[in-house]
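Reading through the structure tokens given below for one structure.
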């Protein structure tokens, strides 16, 4: 089985569209289509149904997905077993267009001598398993305690802001408060139950009485942007560091959230026994972290630089 095709399959699932997966993988959309077609031929099954809104998994695609992820983890373990002293530093980010990826780009620019490989695992549970197995060296995650064999440090409080269309009631405001968002529909179909970002947004909604709507399949950010441009009632929350683009004619508005500013608490997580020589360089580069004074974060999120290790678990239920 072609593992590049398997990797492409997982990327399409994460992105929701063939075009977005091509961007994330730095290949053409035609190459994505060819890889998926070859994989479907190998399996003798159709994995996606293409719609105007994106790529939707078939029943066979749903069944194959956990095995695809395990194949990629097995590949990483196999490589690590023979290249532990020479391989690239492997770091997991929640998405290649989100803030932690920008931190890694900055690190790479500051340390071009470090060979770096960026991977995107689905959730914190997958990331912690990969850290223990040694298939990755570090992961950017929002954590709620850690198993005793792992360590973490808070590295970035990433502020959130409101995104809405020009007809929305808050579109002309220079800023809004969290309390002022109560009663407004915030549509975020990318929130997946059981993930660390689902835990974060559940706590945020409960703390300020927000209406966060997760209904509907996740066809990618473009579909959300379409809805915002057409609606005077729907808005969403986005991270300030996310690299997002929409057609200029949509005239979408970014509105600051203040009093307090909600921040998504990214931590770097690693295995203390990891021998990779570049891991220490990455940890030094990320100190002392970028933290926002007076910001709101969940009670389980650490606001200090060092996250104490304990036997509690990662928040199980963005980017």
Q: May I ask you to list the residues in the range 222-265 that are under 11 Å from residue 160 (Cβ atoms) and surrounded by fewer than 14 Cβ atoms within 10 Å (Cβ to Cβ)?
A: 254
Q: Go through the range 116-138 and count every residue that is touching a helix residue (DSSP H, G or I) at 6+ places or on another chain (Cβ under 8 Å) and not in a strand (DSSP E or B).
A: 13
Q: Inspect the range 69-90 for any residue being outside any strand (DSSP E or B), more than 13 Å from the chain's Cα centre (by Cα) and within 28 Å of residue 237 (Cβ to Cβ) and give the result as yes or no.
A: yes
Q. Within the range 8-27, is even one residue in a loop (DSSP other than H, G, I, E, B), surrounded by 13 or more Cβ atoms within 10 Å (Cβ to Cβ) and out of contact with any strand residue (DSSP E or B) (no Cβ under 7 Å at 6 or more places or on another chain)?
A. yes
Q: Please work out which residue is surrounded by the fewest Cβ atoms within 10 Å (Cβ to Cβ), limiting yourself to the range 181-204 and to residues that are under 17 Å from residue 295 (Cβ atoms) and over 17 Å from the mean Cα position of the chain (by Cα).
A: 203
**Q.** Of the criteria (1) assigned to a loop (DSSP other than H, G, I, E, B); (2) in contact with a strand residue (DSSP E or B) (Cβ under 8 Å, 6 or more places away or on another chain), which one residue 112 fails
**A.** (2)
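Computed from the coordinates by the stated procedures, all read-outs in this text should not be read as laboratory data. What you see is a predicted model, and the numbers here were worked out from it, not measured in a lab. Heads up, the Cβs are rebuilt from the backbone with ideal geometry, glycines too, and the neighbour counts pull from every protein chain shown.
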